[in-house]
Amino acid sequence: MTTAPRQPEDDAKDRQLESARVDPRGTHLTTDQGVRVGNTDDSLKAGARGPTLLEDFHFREKLTHFDHERIPERVVHARGAGAYGHFQPYDDWLAEYTVAEFLTDPSVRTPVFVRFSTVVGSRGSADTVRDVRGFATKFFTRQGNYDLVGNNIPVFFIQDGIKFPDFVHAVKPEPHNEIPQASSAHDTLWDFVALQPETMHMMMWLMSDRALPRSFRMMQGFGVHTFRLVNAQGQGTFVKFHWRPALGVHSLVWDETQKIAGKDPDFNRRDLWDTIEAGNFPEWELGVQLVPESDEFAFDFDLLDATKIIPEEQVPVRPVGRLVLNRNPDNFFAETEQVAFHTANVVPGIDFTNDPLLQARNFSYLDTQLLRLGGPNFAQIPVNRPIAPVHTDQRDGFHQHKIDVGRTSYTKNSLGGGCPMTSGAFPEVFSHYQQKVEGVKVRQRSESFKDFYSQATLFWNSMSQPEKEHIVAAFRFELGKVEHREIRATIVDHLNHVDHELAVVVARGIGVRAPKREVRPNHGLSSPALSQLAASADTISTRRIAILVAAGVDGEGVRRVVAELRDRGAIPELLAPADGTVRCADGSDLKVDRAISTVASVLYDAVIVPSGPESVRTLSADGYTVHFVAEAFKHFKAIGAFGSGIELLRKAQLGSVRLAEDTETVIVDAGVVTTSAAADALPPEFSEAFACEVARHRIWQRETSEVPA
Ligand code: HDD
């Protein structure tokens, strides 16, 4: 993946941020008032052993500032990671439907800030929990800021935003003991689900592998709601937004996610940070599904219902442009924590629909920022500032950074020359889409929102066999943690409305009676695009490959394999019993990247054991290293070994997998790639076959149940 040379607009946000950056190099310590400080270790005292004096303004300023360092964490999506980049449309085809310049002018490259997040956990929770991931993009367009505040799952739990506090209270840690952290596997969430069957479609997604992304860089993003595009003639078109990752959609294995939560709770944010630092810039393609307004009622669901997708087979996703993230923030708090997204930040050419979830969001995001960021001037925080000029009559408030000159702060005025002016016409000015609205005031749900199960069934039918098995295991795990058996039983009843077989197998795992009869025949329809196996990509770019080495290893073999993997864009790392260097069998030295004890197989995508009898003897004698290989096997990862390296695979007892014996040809069985050849004789097919298995991401047909890892 490469990025084209930067264009002026691309730099506009970066240049704006430059004025806010403070570089400590070559400076002297001062107070907030700029007075130089010579000692910040000892407070001012009455005698060396005496009490601290109130007069010590430096001490008081330092402590007071520290005492006020924290702001409320986001009420949801508290844990996240962000990066800057740019978006550029491929061409102008969308101009027929919208006047939004950043979507239609291929010469314009718009700066963006993207924040990825989990939903349920606190700021300090682990990255790899089972959860939805937020995918929020702020486009700093020349027409003002546009925020696409989406998720990696295309539907939502509820249909009306008035239920959002109830849903969030149910899924967050329970109020009496604040347990469990960052987990949906508890009674209150499933009690909520049991009583709100509209959640069933989303729960199918949440129990699927989508909730365990391998990387933020390997997940799709969705705007979720049906929005509206508006063209120069003022005509509207319904639109759903999609992000597709260049690296394909990939997930972790449930057992792996739980272990990573301990081994490296920063797994996803570290991955984003490291790959951007290394210049491997993540990319997504923006696509749209367009529906003419005349087709508003052409579907067997309501376009305004955020618990429904528009199947891609019915309305294809058409590519619009490319998003690239190429710069990490300078300061997590200043940028990633203080970035403020809002669904109502729209620009001319993009508008809302009456989706009641979206309508509620359009209230909630502004409201929450007022509390979280301490007042109404948060749009002046550097990360949030538009690159479009800002001129308002808004004044004062906490943290006002502007110095508005002149005596008028009202419109219309004559004393200020009538400025700022309100003149101009659409699309220069934002003009709300002219939709005719008529209705009786009612607190009621539309009948067209009341099919809660058909798309849950569609999702289930569209899964591959391993995806189905993972969903069943997830339901069994989550419901198995629910203490109230009647809640488990009610969920099984709902599952019986999704698919009878699914309900039966889940029930069998959680100790409740399996339903005897099918209550709602499975409609048999599927949407192949919903399986994430359909969205994989044939690349091993940025995949982390562990190469296990010790003294006496086949140095030449290692160097060759490392070079061949790097050529394919992968990131091989040499892991040894100790950090430093290892002396190879040929007397040369290899630089070790990490000591094995500081990492674990769950942090890698694949493993290779090179040849070298002495090296393999040392590695085989270490239980942690043997476990490393067995665990990688258990998690369906590609494994390679050449020459005597195969002995370590034998020690790890990888079930009935066929390994190369006295043959220099390359044997591939269930993702395990072996050859007896070593060093010079190592055939090029070895790396090729291994890369092929890594690109498959996981080898699901592998039999792992007997492997004790
Ligand atoms: Fe939300 C944050 C995505 C429904 C109220 N939401 C938040 C973030 C994302 C989403 C990605 C984190 C933004 C960031 O990184 O700062 N939310 C969604 C999606 C939804 C959704 C895709 C359904 C389609 N949200 C939703 C509803 C409400 C909210 C129905 C309230 C009625 N969401 C919020 C919030 C948050 C938020 C409380 C917390 C922090 C923030 O806004 O800035 O206002």
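Here are the numbers for this structure:
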| quantity | calculated |
| --- | --- |
| Using a Förster distance of 25 Å, the FRET efficiency for Cys419-Asp11 (Cβ separation, nearest 0.05) | 0.30 |
| Low-density loop cleavage sites - GluC sites (Glu not before Pro) in the stretch 479-526, where at most 13 other Cβ are within 10 Å (DSSP) | Glu483 |
| Mean Cβ neighbour count within 10 Å, used as a protection proxy, ranking 11-20, 228-237 highest first | 228-237, 11-20 |
| Charge dipole (debye, nearest 20) of the stretch 340-401; +1 at Cβ of Lys and Arg, -1 at Cβ of Asp and Glu | 200 debye |
| Relative exposure of Cys692, Cys419, Cys584, judged by other C-beta atoms within 10 Å (fewest first) | Cys419, Cys692, Cys584 |
| Stretchable slack from Asp32 to Glu518, in nm (0.36 nm times residue separation minus alpha-carbon distance) | 167.9 nm |
| For Tyr453, distant residues with modelled amide H under 5 Å away | none |
| log₁₀ of I(q)/I(0) at q = 0.10, 0.15 Å⁻¹ - the stretch 80-363, Debye sum with one point per alpha carbon | -0.52, -1.21 |
| Lys, Arg +1 and Asp, Glu -1 on Cβ, resulting dipole of the chain about Cα centre, debye, nearest 20 | 1260 debye |
| Square roots of five times the Cα gyration tensor eigenvalues for the chain, Å | 45, 36, 27 |
| Relative packing of peptides 263-276, 245-258, 460-473 - highest average C-beta neighbours within 10 Å first | 245-258, 263-276, 460-473 |
| Highest to lowest packing among 425-438, 372-385, scored as the average C-beta count within 10 Å | 372-385, 425-438 |
| Percent of Cα-Cα distances greater than 16 Å, calculated over the stretch 450-534 | 52 percent |
| Fully extended contour minus Cα-Cα distance, from Asp91 to Thr392, at 0.36 nm per residue | 105.0 nm |
| Three-way shape call for the stretch 1-146 based on the alpha-carbon gyration tensor, with the a/c threshold at 1.5 | prolate |
| Spin-label zone in the stretch 455-494 - amide nitrogen under 18 Å from a point set 7 Å from the Cα of Asn177 along the C-beta vector | 478-485 |
| Over the stretch 540-702 - Rg/Rh using Cα atoms and the Kirkwood inverse-distance radius | 0.91 |
| Estimated 222 nm signal from helices in the chain, with DSSP H stretches of n ≥ 4 weighted -39500 (n - 2.57), rounded to 500 | -8000 deg cm²/dmol |
| Relative contact order of the stretch 450-534, defined on C-alpha pairs under 8 angstrom at six or more residues apart (%) | 40 percent |
| Of Lys263/Lys481; Lys263/Lys634; Lys240/Lys441; Lys263/Lys468, pairs whose Cα-Cα distance is over 19 Å | Lys263/Lys481; Lys240/Lys441; Lys263/Lys468 |
| Projected area, mean over directions - the stretch 457-603, Cα convex hull, nm² | 12.5 nm² |
| Residue order, fewest to most beta carbons within 10 Å, for His484, His28 | His28, His484 |
| Calculated from backbone phi, Karplus (6.51, -1.76, 1.60) coupling profile of the stretch 253-270 in Hz, x at Gly/Pro | 9, 3, 4, 5, 4, 5, 6, 4, 4, x, 6, 7, x, 9, 3, 6, 6, 5 |
| Point-to-point label distance, Arg25-Arg445, nm (Cα→Cβ direction, 7 Å offset) | 5.9 nm |
| Farthest positive-ward along the chain dipole, Cα basis, beta-carbon charges - from Gln159, Gly38, Leu290 | Gly38 |
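Every number in this text was worked out from the coordinates using simple rules, so none of it is lab data. As the structure is a prediction and not an experimental result, all values here were calculated from the model. Counting neighbours? That spans all protein chains shown, and the Cβs are built from the backbone with ideal geometry, glycine included.
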